[in-house]
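The values are calculated or read from the model by the stated rules, or taken from the named source; none is laboratory data. These figures come from a predicted structure and were not determined experimentally. Here the Cβ positions follow ideal geometry from the backbone for every residue, glycine too, while neighbour counts run over all protein chains shown. To get the accessible areas, we keep the full protein, side chains included, count just its heavy atoms, and leave off ligands, DNA and RNA. Shrake-Rupley method; radii C 1.70, N 1.55, O 1.52, S 1.80 Å.
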Amino acid sequence: MARMPDPYIRHATLDDEDALGRLDRVTWSPVHAVQPRPEPPYEPFYSERFGPRDHLVAEIAGAVVGYIRLGFPTPLDCNSHVRQIQGLVVAEEARGAGVGRALLRAVQDEARGQGARRITLRVLGHNTPARKLYESEGFVVEGILPEEFRIGGEYVDDVLMGRSL
């Protein structure tokens, strides 16, 4: 089997909205999603809260295969030195090819460039592959909200992770 080329990471554009929305829908899983499975008519991918400026996109051979969303954990000025990863998605066919890792590294550079000193994220306790990836990139567990969500009839922890930049 041929090795997949390295992903190209770039800022999202308005033209990416349809591809990102499709990617979001096809990768939906109760392993990482707290919202119900999207159903038509689909909401626009971009919103008043998150637009192209808040997303980095991974491409391989010109195809969008992943994205990461970076935002503020709160609207408070006293918290403006922190950024939060608020979504990381990799297409099934691109998993294991370094796309998630490349996005994580790029978003940390982006956060530093915005003047952030820390970066945080929240991940469901049962999402072992994501937790291992975050840990391998220097994120540590900073808190656990036990049984914070009920997904598919099971109670699931919300794991808070972070790292200094």
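Put Leu56, Leu133 in order of accessible area, largest first, 1.4 Å probe: what do you get? List each step's numbers first, then the result.
Numbers: Leu56 15, Leu133 35 Å².
The ordering from most to least exposed comes out as Leu133, Leu56.
Would you mind working out the accessible area per residue for the chain, using a 1.4 Å probe, and quoting it in Å²?
59 Å²
Which of Gly21, Gly113, Gly98 moves the most in a Gaussian network model of the chain with Cα springs under 10 Å?
Gly113
Per-residue accessible area for Tyr8 at 1.4 Å probe radius, Å² rounded to 10?
130 Å²
Report the longest stretch of the chain that contains none of the trypsin sites (Lys or Arg not before Pro) sitting in a DSSP loop with at most 16 other Cβ atoms within 10 Å. Could the numbers behind the result be given before it?
Values: sites that count: Arg3, Arg49, Arg95, Arg117.
The answer is 118-165.
What is the chain's relative contact order, in percent, from Cα pairs under 8 angstrom and six or more apart in sequence?
Details: 272 pairs, mean separation 34.0, N = 165.
Computed over the chain, the figure is 21 percent.
Which GluC sites (Glu not before Pro) from region 1-79 combine a DSSP loop assignment with at most 16 other Cβ atoms within 10 Å?
On the way: sites: Glu17, Glu48, Glu59; in loops: Glu48.
Taking region 1-79 and a limit of 16 other Cβ atoms within 10 Å, the loop GluC sites (Glu not before Pro) found are Glu48.
Applying 1/(1 + (r/R0)^6) with R0 = 22 Å to the Cβ-Cβ distance of Glu17 and Glu48, what FRET efficiency is obtained, to the nearest 0.05?
Details: r = 14 Å, r/R0 = 0.63.
Efficiency at R0 = 22 Å is approximately 0.95.
Figure the gain on full extension for Glu135 and Arg10 (residue separation times 0.36 nm, minus the Cα-Cα span) and round it to one decimal in nm. Write down the numbers at each step before the final one.
Working: separation 125, 0.36 × 125 = 45.00 nm, distance 2.37 nm.
This chain segment gains 42.6 nm when fully extended.
If each residue of separation counts as 0.36 nm, what is the full-extension length gain between Ala63 and His126 once their alpha-carbon separation is subtracted? If you can, show how the numbers build up before the last one.
On the way: separation 63, 0.36 × 63 = 22.68 nm, distance 2.93 nm.
Gain in length upon complete extension: 19.7 nm.
With +1 on each Lys and Arg Cβ and -1 on each Asp and Glu Cβ, how big is the dipole of region 1-81 about its Cα centre, in debye rounded to the nearest 20? Can you show the working numbers first?
Details: 8 positive and 12 negative charges, 56 e Å.
Charge dipole of region 1-81: 260 debye, to the nearest 20.
Rounding to the nearest 20 debye, state how big the charge dipole of the chain is about its Cα centre with +1 on each Lys and Arg Cβ and -1 on each Asp and Glu Cβ. Mind dumping the intermediate values first?
On the way: 20 positive and 24 negative charges, 104 e Å.
It comes to approximately 500 debye.
Report the local net charge at Leu165: Lys and Arg +1, Asp and Glu -1, summed over other residues whose C-beta lies under 11 Å from its C-beta. Don't jump to the answer; show the numbers that get you there.
On the way: positive: Arg83, Arg112, Arg117, Arg118, Arg163; negative: Asp109, Glu110.
Within the 11 Å Cβ shell, the charges total +3.
Between Thr74 and Thr27, 0.36 nm times their residue separation minus their Cα-Cα distance comes to what? The partial results should precede the final answer.
Values: separation 47, 0.36 × 47 = 16.92 nm, distance 2.69 nm.
Taking 0.36 nm per residue and subtracting the Cα distance, the gain is 14.2 nm.
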